Amino acid sequence: MTHPKANRSSAAPWLGAYLLVVTAPMLLLLLGGSSAPGRGFAWDFSMALGYAALVMFGVQWVLTARFRRATLPFGIDIVYYFHRYLAVCALAIVAVHVGLLFLEVPQALGSADPRRAPAHMTAGRAALVLLATVAVLALARRRLALEYDRWRMTHWALSVTAMVLALWHVFAAGHYLDLPWKRGLWVLFAAAWLAIVLLVRLLRPWRLSRQPWRVAQVRPEHGRVSTLVLEPAAGHRLRFAPGQFAWLTLRHSPWSMHEHPFSIASSATRDDRIELSIKELGDFSRTIKDMKPGETAWLDGPYGTFSIDHHSDSSGFVFIAGGIGIAPVMSMLRTLADRGDRRPLLLVYGNRAWDRVAFREELDQLQQRLDLRVVHVLSEPPAGWTGEHGLITQDLLARPLNSLQAERGDREYFVCGPTAMTQSVEAALAALGVDARRVHSELFEWV
């Protein structure tokens, strides 16, 4: 997945900052030795790994705190993927930390029986078990069919508990914290982590609570899609770039953690009326069609870098969407139409059947307002269908793209749909000679 060219140069400083934050405390703590001298290299290395892993777990909270400036170079979907697999790396580092002590300094671990072991050692063991549980549940959530809201609250509660226990373990053990400045360093780290928790769980919900939205309409679309139309209840606005998304909370307070990310489908020229087109795919999305006008909603956004506005100098755009992946594309097409943009556009839109093609009537109308060509692709076409059918393959894409001729290399490509489709389309575009830097994908399953 690639993101706006204007932001790529700013990615390196953020990656460097991450490495500095993770390694600096470890290196500084090793200065001046340990309160347990004579342990040797295995001891020092094990302690260093333990400190580094704890910092990594602490930084995990920063990665999911939705700081726009930090996520802009990568896209928040990539940051969430980064968060997920860094947790596995941190767990592996903790495992090496414990394994080295077990092999080289077993007396340092003491008894595993909580009735005989020091409380801080039991706290460390409990933290490790909880963090491992958090990682396993996150990676296997869909396979285990865990309900999203319940998993999210469990994920948060276990993570907070594990961090508190891990910090207790570090401070009580006291290794390498014998000097005031070293202990102060970890006090600062603990305070920063606590500040992030309070920001995410108290300050941000409080801010959202002061900007409620009202359900103005629920509009049915083809393909089991419902468009939720929201209007501000207090005169505020949500300024966004076409293609971005927001976190939606319905029938719960902003503090409840019952929020879900959805692409904004409406035109960015109207910031006083937000439309979210949502397909029935899970427990929450199936309730959208039952929402009533006048109900209160909360929006946290906008987020994301999947937008034509990052490529204002492009000669034209190619959109490739599958299913409800059309939602952010509709926002971009509607915005271009409202702006009177006449650049050439191509949309390749895949669906299973014709009666499931969301926005098909509006797409016909947009072809009159834009220089837009729409290519519908059906995997189960009806009798007499003369259009494209099957999957969106390299051979299929080559047909409409060949008509672009020399212009193909000057356009920006936006791909959104199920993960398998996105990966296949990215490979097909590469085989067709499209520069990967011009291909921008929105990951479909990142939470």
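The values are calculated or read from the model by the stated rules, or taken from the named source; none is laboratory data. Owing to the predicted nature of the structure, the values given are computational and were not obtained by experimental measurement. Heads up, the Cβs are rebuilt from the backbone with ideal geometry, glycines too, and the neighbour counts pull from every protein chain shown.
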(request) Kindly indicate the residue of the stretch 258-271 that is part of a loop (DSSP other than H, G, I, E, B) and touching an Asp or Glu at 6+ places or on another chain (Cβ under 7 Å) and also farthest from residue 333 (Cα to Cα) among those meeting that condition. (result) 258
(request) Just give me the residues in the stretch 71-97 being touching a helix residue (DSSP H, G or I) at 6+ places or on another chain (Cβ under 7 Å) and β-branched (Val, Ile, Thr), in sequence order. (result) 71, 79, 88, 93, 94, 96
(request) Could you tell me whether residue 296 is polar (S, T, N, Q), over 19 Å from residue 413 (Cβ atoms) and surrounded by fewer than 23 Cβ atoms within 10 Å (Cβ to Cβ)? (result) yes
(message) For the list (1) more than 22 Å from residue 314 (Cα to Cα); (2) within 29 Å of the chain's Cα centre (by Cα); (3) among the polar types (S, T, N, Q), I need the number of the one condition that residue 335 fails.
(response) (1)
(message) Quick test of your reading of the structure: residue 422 fulfils all but one of (1) within 30 Å of residue 246 (Cα to Cα); (2) part of a loop (DSSP other than H, G, I, E, B); (3) among the β-branched types (Val, Ile, Thr). Name the failing condition by number.
(response) (2)
(request) Out of 331, 314, report the one residue that is surrounded by fewer than 19 Cβ atoms within 10 Å (Cβ to Cβ), outside the structural domain of residue 268 (by TED's automatic domain parsing), in contact (Cβ under 8 Å) with a residue 40 or more places away in the chain and outside any strand (DSSP E or B). (result) 314
(message) Can you go through 176, 148 and tell me which one is in the same structural domain as residue 54 (by TED's automatic domain parsing), in contact with a helix residue (DSSP H, G or I) (Cβ under 7 Å, 6 or more places away or on another chain) and over 16 Å from residue 91 (Cα atoms)?
(response) 176
(message) Considering only residues that are within 19 Å of residue 400 (Cβ to Cβ) and among the aromatic types (Phe, Trp, Tyr), which ones fall in the stretch 305-353?
(response) 317, 319, 349
